[in-house]
There are 2 protein chains.
Amino acid sequence: MEQNRNIRLGHGSGGKLTHDLVNDLFLKHFDNEILWRQGDSGIFPQPGRREEFQGGKKQSQSDVNGFQGGSIAFSTDAYVVDPIFFPGGNIGSLAVSGTVNDISVTGARPLYLSAAFILEEGLPLDQLEAIVREMGTVARDAGVQIIAGDTKVVNKGKCDKVFITTAGVGFLEHRFSHIPEGNRIRTGDKIIVNGYVGDHGIAILGERESLSFSSPVLSDAACLNGLIEDVLSGHDVHFMRDATRGGLATVLAELARMAKSKSSRPAFGVHVDESTIPVHEEVRGICEVFGYDPLYMANEGKVVMVVPPDQADGVLSVMQDHPLGNNSAIIGTVTDRQPGKVVLSTEIGGRRFLDMLAGEQLPRIC
Amino acid sequence: MEQNRNIRLGHGSGGKLTHDLVNDLFLKHFDNEILWRQGDSGIFPQPGRREEFQGGKKQSQSDVNGFQGGSIAFSTDAYVVDPIFFPGGNIGSLAVSGTVNDISVTGARPLYLSAAFILEEGLPLDQLEAIVREMGTVARDAGVQIIAGDTKVVNKGKCDKVFITTAGVGFLEHRFSHIPEGNRIRTGDKIIVNGYVGDHGIAILGERESLSFSSPVLSDAACLNGLIEDVLSGHDVHFMRDATRGGLATVLAELARMAKSKSSRPAFGVHVDESTIPVHEEVRGICEVFGYDPLYMANEGKVVMVVPPDQADGVLSVMQDHPLGNNSAIIGTVTDRQPGKVVLSTEIGGRRFLDMLAGEQLPRIC
């Protein structure tokens, strides 16, 4: 952090600069074991276990009579998307589904959300009501309750219409505790995504630039907890992450960088076949015009699952049966070649490495 | 909400307009029992109880072997204070202590926080680091861990330097579950505050207006969980609330409006003796010059406790022994006269009603 000693847009991209900021600043000063794991949520033990208070002998959580063994997943995201209304959603539906998804991809069942609003003086109340109404609907449909909130107002020109920060808690059953750890990922595991990538980014770009599409591109913003629950109820999942800012490519790059322990080197490589990755024609076309790569475009309703090879077809079939997974596809494999790298076999027969997003593709995408 | 169909600064004051917005918008659309209680935190049962999953016979939480009976308190606040650095703290220390306090005043022990940052492009990284460093220090001193976070960056001019939203979870032991409910408040209960009120508001105002004080007024921003734990470990508390935006007067007005059930009318009045309320001379002086009332000035380290009359001296003594309570005072009584009203006996021998803050005294105070 010696150079460019100011915040740049790229620090919020979810890509390399964000990772650097997290490592150099937040992990350094907030220093604790849970944060160091850098999952989609912080995972902590169920509070109230007697030994915490009485110094009793530590017992396995699953031994505890009357309680399902497990932990709590806790996550937060700030939403600053511009425009606040876009095809397929608004900043409110995004704020609910984003945090529901961050909890769900740990394997936890999301239960409760908080919502804090920063409002610009002059914001029309009917716009705020449309946002809040949609948040209520999306939360109810996902089976979560918004139980805490806050409202601040800043003078006109000191923020941009409305920013929303949601936080959420979920219950992570003991039998899924390996999912946020990622410690069961093995060579040969299959990588599955639940449908078309890049739609959210293009929906925002289209609205911002007033583009007209041959068929409209809608944001994929959606709560994935139902789809994930369907998969977990009958199948084995080794790891999940939702592909938001930074797109599918950034999640794959994070996966390839995962190591068996904090100090050790990356254990796996990732091989992905470009021809299998679902991308809408309109998204591909707009990306070509603007010089973007769909694999780095933001999604708000896409989960990347890593599953054992013998589970892949079963998981794919469950996902395809869910309304949010009709276009799911197996897109790649965990390999022992080129640990730390994502190798993409391109549709024209070449190969290229995918790394994290380096700069900022589209600011304020979420 | 038929008139003034735009957000005004007063909607963020913590006073009457904020209450109206919460009732007309958030409660309506997020509609759930926990939110309706409108406490400082949302309180929910410990997740993972078997009956939740297996439909078993409901059992008292305190019966459960291996677990201390209790609930989880969950709270959030957005911080937009201007300036971001001020005498006695910065936006980061405020964001940590504010959420720690919102959890603590329910009687819960705060455990974990999340922190979401909205940064303006161009913010000097050393300013951000100073803020984050202070957050780490304040959290460590309070015994809480920041385990989840997010960073968004908006273009220059689209927010004001930095906004921080924290959320937090704490463990509420079963034996304190009456505190957020307030259902043990009785006529004759004493009202105690842990020291000088209005300091935070005046510290911000002073910094904003470049005022010079005879002796500097520092923000009282501090984590109150230690002081509260000291009181709860040996004394009976019927209710607590921290006096932040809207000041002491707004908390007293909320207390007087509390009813025995959602549909019933207010059960109590509150009588307060102005001469007993600790106010720094400098704060009183600046308020006179600017036409403010210290009782409506924001605090960030003040708790208002309602305790049984036979506990009042004991609680006062414990509070006075704590570094954050040296100037604690008994300031009033819960009465059966004028239910719903706060009556202030003034220092000049008169009486006046205190209601919630009606407009906005100082925007962006926290």
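The values are calculated or read from the model by the stated rules, or taken from the named source; none is laboratory data. Everything numeric here is computed off the predicted structure, so don't read it as measured data. Here the Cβ positions follow ideal geometry from the backbone for every residue, glycine too, while neighbour counts run over all protein chains shown.
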Practice task
May I ask you to list the residues in the range A:129-151 that are at the interface with chain B (Cβ under 9 Å from one of its Cβ atoms) and either modelled with pLDDT under 95 or not in a helix (DSSP H, G or I) (or both)?
Solution key: A:145, A:146, A:147, A:148, A:149, A:150, A:151
Practice task
From A:346, A:333, grab the single residue that is under 18 Å from residue A:303 (Cα atoms), among the polar types (S, T, N, Q) and either modelled with pLDDT of 95 or more or over 19 Å from the mean Cα position of the chain (by Cα) (or both).
Solution key: A:333
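Can you find, within the range A:337-365, the residue that is nearest to the other protein chains (Cβ to nearest Cβ) among those that are part of a loop (DSSP other than H, G, I, E, B) and hydrophobic (A, V, I, L, M, F, W, C)?
So the first thing to find is which residues in the range A:337-365 are part of a loop (DSSP other than H, G, I, E, B), and the list is A:337-341, A:346-350, A:355-365.
With the extra rule that they be hydrophobic (A, V, I, L, M, F, W, C), the set shrinks to A:348, A:356-358, A:362, A:365.
Values: A:348: 35, A:356: 15, A:357: 13, A:358: 15, A:362: 12, A:365: 10 Å.
The selected residue is A:365.
Taking the range B:295-324 as the search range and keeping residues that are of a type in the set (Gly, Ala, Ser) and in contact with a strand residue (DSSP E or B) (Cβ under 9 Å, 6 or more places away or on another chain), which one is nearest to residue B:102 (Cα to Cα)?
Filtering first and then ranking leaves B:301.
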Problem - Only one of B:356, B:319, B:297, B:305 that is of a type in the set (A, V, I, L, M), buried (at least 21 other Cβ atoms within 10 Å of the Cβ) and farther than 29 Å from residue B:229 by Cβ - result: B:356
Handout entry: Per-region count, the range B:1-16, residues at pLDDT 90 or above and either more than 7 Å from chain A (Cβ to nearest Cβ) or under 10 Å from residue A:125 (Cβ atoms) (or both)
Key = 6
Exercise for the section: Return only the number of the condition from (1) within 21 Å of residue B:114 (Cβ to Cβ); (2) in contact (Cβ under 8 Å) with a residue 40 or more places away in the chain; (3) within 14 Å of another protein chain (Cβ to nearest Cβ); (4) hydrophobic (A, V, I, L, M, F, W, C) that residue B:224 does not satisfy. Expected result: (3)
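Conditions (1) in contact (Cβ under 8 Å) with a residue 40 or more places away in the chain; (2) more than 22 Å from the chain's Cα centre (by Cα); (3) outside any helix (DSSP H, G or I), marked per residue:
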position	(1), (2), (3)
B:253	yes, no, no
B:256	yes, no, no
B:313	no, yes, no
B:326	yes, no, yes
Problem - Scope the range B:110-166; condition on the phi > 0 side of the Ramachandran plot and of a type outside the set (Gly, Ala, Ser); matching residues - result: B:161
Handout entry: Count of residues meeting criterion [surrounded by fewer than 19 Cβ atoms within 10 Å (Cβ to Cβ) and either among the hydrophobic types (A, V, I, L, M, F, W, C) or not in a helix (DSSP H, G or I) (or both)] in the range A:280-294
Key = 4
Problem - Hits in the range A:82-139 - residues which are polar (S, T, N, Q) and within 17 Å of the chain's Cα centre (by Cα) - result: A:93, A:97, A:99, A:101, A:104, A:106
Handout entry: Filtered residues of the range A:26-67 (kept if part of a helix (DSSP H, G or I), surrounded by 13 or more Cβ atoms within 10 Å (Cβ to Cβ), at pLDDT below 50 and at the interface with chain B (Cβ under 8 Å from one of its Cβ atoms))
Key = A:52, A:53
Practice task
Answer yes or no as to whether residue A:207 is surrounded by fewer than 24 Cβ atoms within 10 Å (Cβ to Cβ), outside any loop (DSSP other than H, G, I, E, B) and either over 20 Å from the mean Cα position of the chain (by Cα) or not acidic (Asp, Glu) (or both).
Solution key: yes
Completion exercise
All-but-one check, residue B:177 against (1) within 17 Å of the chain's Cα centre (by Cα); (2) surrounded by fewer than 24 Cβ atoms within 10 Å (Cβ to Cβ), failing number (1)
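Looking only at residues in the range A:1-17 that are free of Cβ contacts under 8 Å to residues at least 60 places away in the same chain and buried (at least 18 other Cβ atoms within 10 Å of the Cβ), which one is farthest from the chain's Cα centre (by Cα)? Reasoning before the result, please.
Within the range A:1-17, the first condition is being free of Cβ contacts under 8 Å to residues at least 60 places away in the same chain, and the residues that meet it are A:1-7, A:11.
From what's left, buried (at least 18 other Cβ atoms within 10 Å of the Cβ): A:7, A:11.
Details: A:7: 23, A:11: 17 Å.
Ranking the candidates gives A:7 first.
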Exercise for the section: Please indicate, with yes or no, whether at least one residue in the range B:173-192 is at the interface with chain A (Cβ under 7 Å from one of its Cβ atoms), farther than 30 Å from residue B:285 by Cα and not in a loop (DSSP other than H, G, I, E, B). Expected result: no
Completion exercise
Of the residues in the range B:349-359 that are over 21 Å from residue B:102 (Cβ atoms) and in contact with a helix residue (DSSP H, G or I) (Cβ under 7 Å, 6 or more places away or on another chain), the one that is modelled with the highest pLDDT is B:354
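Filter the range A:328-354 down to the residues that are more than 20 Å from residue A:268 (Cβ to Cβ) and either among the β-branched types (Val, Ile, Thr) or without any contact (Cβ under 8 Å) to a residue 24 or more places away in the chain (or both) and list them by number. Give the derivation first.
Looking only at the range A:328-354, we keep the residues that are more than 20 Å from residue A:268 (Cβ to Cβ), and these are A:328-329, A:346-350.
The answer is A:346, A:348, A:349, A:350.
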Handout entry: Pick from the range A:117-128, criterion within 13 Å of residue A:91 (Cα to Cα) and outside any strand (DSSP E or B), ranking: nearest to the other protein chains (Cβ to nearest Cβ)
Key = A:128
Exercise for the section: Tell me which residues, restricted to the range B:231-243, are under 18 Å from the mean Cα position of the chain (by Cα) and more than 21 Å from residue B:14 (Cβ to Cβ). Expected result: B:231, B:232, B:237, B:238
